[in-house]
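The values are calculated or read from the model by the stated rules, or taken from the named source; none is laboratory data. None of the values given here were measured: they were computed from a predicted structure. All Cβ positions, even for glycine, are placed from backbone atoms using ideal geometry, and neighbour counts span all protein chains on display. When the accessible area is computed, the model is the full protein with side chains, heavy atoms only, and any ligands, DNA or RNA have been set aside. Shrake-Rupley method; radii C 1.70, N 1.55, O 1.52, S 1.80 Å.
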Amino acid sequence: MEKMEPINTLQRQNLWVFHSFSVRSGHLVLCGGSAVYFIKEHNIVAPYKIERGKMEYVFQLEVSGKVEDVVETLLQLHRASCLDKLGDQMAMITAILQSRLARTSFDKNRFQSVSEKLHMECKAEMVTPLVTNPGHVCITDTNLYFQPLNGYPKPVVQITLQDVRRIYKRRHGLMPLGLEVFCTEDDLCSDIYLKFYEPQDRDDLYFYIATYLEHHVAEHTAESYMLQWQRGHLSNYQYLLHLNNLADRSCNDLSQYPVFPWVISDYSSPELDLSNPATFRDLSKPVGALNPERLERLLTRYQEMPEPKFMYGSHYSSPGYVLFYLVRIAPEYMLCLQNGRFDNADRMFNSIAETWKNCLDGATDFKELIPEFYDEDASFLINSLKLDLGKRQGGQMVDDVELPAWASSPQDFLQKNKDALESSYVSEHLHEWIDLIFGYKQKGSEAIGAHNVFHPLTYEGGVDLNSIEDPDDKVAMLTQILEFGQTPKQLFVTPHPRRITPKFKSLSQASSYNASMTDSPVSPGEESFEDLTEESKTLAWNNITKLQLHEQYKIHKEAVTGIAVSCNGSSVFTTSQDSTLKMFSKESKMLQRSISFSNMALSSCLLLPGDTTVISSSWDNNVYFYSIAFGRRQDTLMGHDDAVSKICWHNDRLYSASWDSTVKVWSGVPAEMPGTKRHQFDLLAELEHDVSVNTINLNAVSTLLVSGTKEGLVNIWDLTTATLLHQISCHSGTVCDAAFSPDSRHVLSTGVDGCLNVIDVQTGMLISSMASEEPQRCFVWDGNSVLSGSRTGELLVWDLLGAKVSERIQGHTGAVTCIWMNEQCSSIITGGEDRQVMFWKLQY
C-alpha cells in the first residue's frame, strides 16, 4: 500500500469511488462503483480519463492467499474515504497503516550475511516525489535496509554503510522526521530518503550511521564547504548543491526541491557574451525586485497590508514550479499534482525567453531555477515522450522548449548556462544571492531592506502544527504550506564572504566562445619572477608531508620562544625563557653570541631590514634593540606596563603586544650608531583590549593586524584607521597563535582548547573549526594547508579543505613553541620546550 502525500488528497479521494468489494473464487476480486478513472491507459501517459455510471470490474491477484487481506484493506480505505471531514479521513488512513505495520516486521532472512548483528529496527516510510512508501527500517553493523510493505520498488532496499558518504537530517512535512543518505559526494539525488514516525527513531539511526562515518568520512558543515568554495576547490555548482542539501532541499521532496539562481538575463542576443556584466542578472536582488516598476507596485501593496506583511504572494520554489520545468520528463507527477490534467498550453514551459520575461514582469511569478539547468542531462527540455501537452492560442502544439538564439541545441544551452554559472562575474557576486536564499537577508530587517519578504507560512517555524487542535485545520494548513513552497533552512546569519577569484585564470571552463584567459597579464610562454616564486611555494606545500629533520642543536637552558633568520640564511637568532638572545651560525654550526638584557624571559625576536639589528621582546615590559655589527644593545623601548608577548615590524613601524591588554604601534628608526642619545619612539596608535594579549600578526601589506587574547578572543584590526573590524570569541582559553593567509582573506587561530579556527576577514565569520587532541602552540600556513607545532612535540600537517590531519611528524620531546619558514617554504626551523632548535628540509 502506498501512502499519498496530503498534497494529493483530492486525487486520492477521486480514486476511491467504488461502492462494493467482494471475493470471487480463487484469487479474483470484484469491484463495483459509479465512476472509474483510467490512469496511463494502454501504458500511455496522458490526462486521466473518467467514465461515470454503474459498472463492475474484476481484478486478478498474483498471490491467491492475499485476497482476503486485500479486500479487508480496500473496505477499510473505502470507509475512510466516505468520512465527511478531511482530518477524520487522514486519521483513519493513518490508523489502518499503523495497524498493518504493527502486524509485520523486517524479514531477517533478507540480511546479506548470517553474521550481521542487528542494531535497531523501526517503522518508517521511503520518500519519493509526491508519494511515501511505508515499511520497516533495519540497521546492522554493516548495512542499512528498508523493506516496503508492498515490495515496491523492490522487496528490500539495501545500502552498505561502507559506501555512505553523506547523511542529512531533514524536515519533512515541517516535522523533524526525515533522514537522507548519499553514497556519492556530489550527486544531486540521494540513495534513499526515509521519513520516520518518531523523531527519536530518526535521531537514533542518524547517530549510529554518523558514528560509523566518523572513522571513514570527514563531516562537512556549511562553513567547511564555504572555505573550499572560497579557495576554488569547489565549483559554484557544487557549492550550491551542498548548501541546498544542508538547507533541507531534496530531489525527493517537491516542496523543498533544490533551488538555483537565474544568472543570465540576455535571452535575445545571437551570441552570449560572458565578459559583459550586462549579460547577467543582478544577484543582489530577489527575482521579485529585478523589475523596478513591478517592485514599486508590490511595495505599495506591502505598505498598505496589515500584519503579518509580505511582499510576494507566491514563492520562488514550489512543487508546481518544479514540475513546470520537469513536465516533459515527469508528466505523471504533474498529472498527479493537478488532478489528472496538464496545465493550460499557454502557461506551460514553452520558451526560456518567455519564462524569464514572465519572471520579470508577471504579477505573481517570482520563481528561480532548479539544478537541472546547470547539469548534464538536457532531456527536461525535449519532448522525447511525444506527450500531447496541448495547443497554444497561436495554433502551435507544445513540444520541445524553445531555446535562445545563442544556443544551438539543448546540450549547448546547458553548457553555456554552466559556463555562466562558473564565470568570473557570477563567482564575484554569488555570495549576494546566497545571502538572500540561505543567509542573513532571508529573515528580519535585512530581508525587508532587501525586498525579500515572503508569506510567513513559507519560513521554518512560521507555524506550529502541533498547536492546531482541529484535524481538518491541521491538514488544510499542511497542504497549503506544502503546495505554496518553503524557504530553505537558514545557514548563515552574517554576510557571506566573497569568493577568492583567481588572478591569472578564469573560473569558467574553456570554451570556443568564451575568452577564458583575457584577464591574464602575461602572454603564453612568459613567466614573471613572482609566478616562479609562487610555483615553488605551491610545490613546497604540496610536498609538506615529506618534511625531514636535518639537524638539531640544544643552545638554550629553557624553552625557545622566538626564531629570526638573516636574509642569506647564514645566521639564526633565537630567544628563550632563559632570558638570552642567541646568534647561531648555520655555516659553522657554532654558537656565535649569547646576549642577556635582563633576568626576565624573552618572548619573541625579529630582524630589521638590512640584517643589522635584531629586536627582542621581554617579560620585563621592554623591547630591546641589539646591533649585530657593534655587538651591543642599541636601544630600549619601555612602552608597556606588563610583559611584552609578541612584536612585529613593517615599514619603520613596530607593533608590540602585551599582557597589559594593549597592542601599540610605534614609529621611529633606531640609531644607526650606538651613542649616548637614545632614539625617541613615537606612539602612533594604541589598540585597547579588555584582557591580556598573547599574540599578534600582520597581513602581507600591513594594513590589518590580528590579535589573540588570553580569554579566547581573536580581534581583527584595520591599521589604517586603528579601528576594530571584528571580535570573534572562538576559543575557550588562551589563543596560542593567529595569522593571516597570504591573500589576507582568512585568519587562522589556534588555542589551548586544541581548536584550529578559520575566520573570514571580510565578514568576521568563523567558517571552519577543527579540533586536535593536543593544543597547537604555533603554526605556518598557506591558506589551504597548515604546518603546526603540537604540545606533544609533533609537527602536524593539516588539510583544511579536507578537515583532516594529513601527516604527523615526530620532532621535539616537549611542546613545539615557535616555528619559522623561509620565503620559498622549503626550509623550516622549530624551537621547543626541550630547549632544542631543529632544522627541517623538504625532500622531494
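Results for (1) of a type outside the set (S, T, N, Q); (2) open to solvent by 40 Å² or more (accessible area, probe 1.4 Å); (3) closer than 19 Å to E422 by Cβ; (4) in contact (Cβ under 8 Å) with a residue 24 or more places away in the chain, shown as yes or no for each residue.
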residue: N276; (1), (2), (3), (4): no, yes, yes, no
residue: N291; (1), (2), (3), (4): no, no, no, yes
residue: E307; (1), (2), (3), (4): yes, yes, no, no
residue: P331; (1), (2), (3), (4): yes, no, no, yes
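If we keep just the residues of segment 397-452 that are over 29 Å from the mean Cα position of the chain (by Cα) and polar (S, T, N, Q), which is nearest to S275 (Cα to Cα)?
S408
Would you check which residues across segment 282-305 are under 29 Å from N350 (Cα atoms) and part of a helix (DSSP H, G or I) and list them?
Of everything in segment 282-305, those that are under 29 Å from N350 (Cα atoms) and part of a helix (DSSP H, G or I) turn out to be V287, G288, A289, P292, E293, R294, L295, E296, R297, L298.
Please determine, by comparing only the residues of segment 651-670 that are crowded, with 16+ Cβ neighbours inside 10 Å and farther than 25 Å from E711 by Cα, which one is modelled with the lowest pLDDT.
P670
Report, by residue number, each residue of segment 789-844 that is open to solvent by 40 Å² or more (accessible area, probe 1.4 Å), part of a strand (DSSP E or B) and in contact with a helix residue (DSSP H, G or I) (Cβ under 8 Å, 6 or more places away or on another chain).
The answer is S806, E807.
Tell me which residues, restricted to segment 52-71, are β-branched (V, I, T), open to solvent by 70 Å² or more (accessible area, probe 1.4 Å) and touching a strand residue (DSSP E or B) at 6+ places or on another chain (Cβ under 7 Å).
Within segment 52-71, just V58 meets the criteria.
Do you know which residues across segment 793-827 are of a type in the set (V, I, T) and under 18 Å from A559 (Cα atoms)?
Within segment 793-827, T813, V816, T817, I819 meet the criteria.
Against the conditions (1) open to solvent by less than 30 Å² (accessible area, probe 1.4 Å); (2) touching an Asp or Glu at 6+ places or on another chain (Cβ under 6 Å); (3) in a helix (DSSP H, G or I), where does Q238 fall short? Just the number, please.
(1)
Of the conditions (1) modelled with pLDDT of 95 or more; (2) crowded, with 16+ Cβ neighbours inside 10 Å, A405 satisfies every one except a single condition; which number is it?
Failing condition for A405: (2).
Quick check, is I716 over 23 Å from the mean Cα position of the chain (by Cα) and in a strand (DSSP E or B)? Steps first, answer last, please.
Details: over 23 Å from the mean Cα position of the chain (by Cα): yes; in a strand (DSSP E or B): yes.
When the stated conditions are applied, I716 passes them.
V691 versus (1) in contact (Cβ under 8 Å) with a residue 12 or more places away in the chain; (2) open to solvent by 40 Å² or more (accessible area, probe 1.4 Å); (3) not in a strand (DSSP E or B); (4) not aromatic (F, W, Y): which is the lone unmet condition?
V691 satisfies every listed condition except (2).
For the list (1) assigned to a helix (DSSP H, G or I); (2) open to solvent by 10 Å² or more (accessible area, probe 1.4 Å), I need the number of the one condition that V463 fails.
(1)
In segment 341-364, what count of residues is obtained for those that are in a loop (DSSP other than H, G, I, E, B) and surrounded by fewer than 18 Cβ atoms within 10 Å (Cβ to Cβ)? Give the steps one after another, and end with the answer.
Going through segment 341-364, the residues in a loop (DSSP other than H, G, I, E, B) turn out to be 341-344, 348-350, 362-364.
Narrowing further to those that are surrounded by fewer than 18 Cβ atoms within 10 Å (Cβ to Cβ): 341, 344, 362-364.
Within segment 341-364, residues that are in a loop (DSSP other than H, G, I, E, B) and surrounded by fewer than 18 Cβ atoms within 10 Å (Cβ to Cβ) number 5.
Before we move on, is L188 among the aliphatic types (A, V, I, L, M), modelled with pLDDT of 90 or more, under 24 Å from F492 (Cα atoms) and under 20 Å from the mean Cα position of the chain (by Cα)?
Considered against the rule, which asks whether it is among the aliphatic types (A, V, I, L, M), modelled with pLDDT of 90 or more, under 24 Å from F492 (Cα atoms) and under 20 Å from the mean Cα position of the chain (by Cα), L188 comes out as no.
Please state which of the following conditions A278 fails to meet, knowing it meets all the rest: (1) assigned to a loop (DSSP other than H, G, I, E, B); (2) over 26 Å from the mean Cα position of the chain (by Cα).
(1)
Can you give me the ranges of the strands (runs of 3 or more DSSP E) entirely in segment 147-218 with at least 2 residues that are without any contact (Cβ under 8 Å) to a residue 60 or more places away in the chain and among the β-branched types (V, I, T)?
Hits in segment 147-218: 157-160.
Report yes if some residue within segment 612-633 is assigned to a loop (DSSP other than H, G, I, E, B) and either among the basic types (K, R) or closer than 20 Å to C825 by Cα (or both); otherwise report no.
Scanning segment 612-633 turns up no residue that is assigned to a loop (DSSP other than H, G, I, E, B) and either among the basic types (K, R) or closer than 20 Å to C825 by Cα (or both).
Does at least one position in segment 600-619 carry a residue that is at negative phi, in contact with a Leu (Cβ under 9 Å, 6 or more places away or on another chain) and open to solvent by 20 Å² or more (accessible area, probe 1.4 Å)?
yes
Does at least one position in segment 200-222 carry a residue that is within 23 Å of W433 (Cβ to Cβ), open to solvent by 40 Å² or more (accessible area, probe 1.4 Å) and within 20 Å of the chain's Cα centre (by Cα)?
yes
Cβ-Cβ under 8 Å, sequence separation 6+ or interchain: first residue in segment 434-457 and on the phi > 0 side of the Ramachandran plot, partner surrounded by 20 or more Cβ atoms within 10 Å (Cβ to Cβ) and part of a helix (DSSP H, G or I). Which pairs?
From residues that are on the phi > 0 side of the Ramachandran plot, the pairs are H451/G288; H451/A289; H451/L298.
If you check every pair at least six apart or on different chains, which have Cβ atoms under 6 Å apart with a residue in segment 707-726 that is over 22 Å from W649 (Cβ atoms) first and a residue that is part of a loop (DSSP other than H, G, I, E, B) second?
As it stands, the answer is K710/V691; K710/S692; K710/T734; E711/V691; G712/H731; G712/S732; G712/G733; H726/G764, since those pairs meet every condition given.
Based on what the data block shows, is K108 basic (K, R), closer than 30 Å to Y257 by Cα and either in contact with a helix residue (DSSP H, G or I) (Cβ under 7 Å, 6 or more places away or on another chain) or surrounded by 13 or more Cβ atoms within 10 Å (Cβ to Cβ) (or both)?
Criteria not met by K108.
Scan segment 729-738 residue by residue and report those that are open to solvent by less than 30 Å² (accessible area, probe 1.4 Å) and touching a Leu at 6+ places or on another chain (Cβ under 6 Å). Quick ask: steps written out before the conclusion?
At the first step, the residues of segment 729-738 found to be open to solvent by less than 30 Å² (accessible area, probe 1.4 Å) are 730-731, 733, 735-738.
Residue satisfying the conditions is C730 alone.
Which ones in segment 741-788 are in a strand (DSSP E or B), open to solvent by less than 40 Å² (accessible area, probe 1.4 Å), out of contact with any helix residue (DSSP H, G or I) (no Cβ under 8 Å at 6 or more places or on another chain) and of a type outside the set (V, I, T)?
L748, S749, G751, C755, L756, N757, M770, Q776, C778, F779, W781, S788
Can you pull out the residues in segment 626-639 that are closer than 19 Å to V663 by Cβ and open to solvent by less than 20 Å² (accessible area, probe 1.4 Å)?
Once the filter is applied, which keeps residues that are closer than 19 Å to V663 by Cβ and open to solvent by less than 20 Å² (accessible area, probe 1.4 Å), segment 626-639 yields L637, G639.
Answer yes if at least one residue in segment 156-164 is touching a Leu at 6+ places or on another chain (Cβ under 6 Å), open to solvent by 10 Å² or more (accessible area, probe 1.4 Å) and under 29 Å from L240 (Cβ atoms), and no otherwise.
yes
Check segment 393-402 and report whether any residue there is within 26 Å of P292 (Cβ to Cβ), modelled with pLDDT of 95 or more and surrounded by 18 or more Cβ atoms within 10 Å (Cβ to Cβ).
There is no residue in segment 393-402 that is within 26 Å of P292 (Cβ to Cβ), modelled with pLDDT of 95 or more and surrounded by 18 or more Cβ atoms within 10 Å (Cβ to Cβ).
Let's see how each residue does on (1) part of a loop (DSSP other than H, G, I, E, B); (2) not acidic (D, E):
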site	(1), (2)
H242	no, yes
N252	yes, yes
L274	yes, yes
E307	yes, no
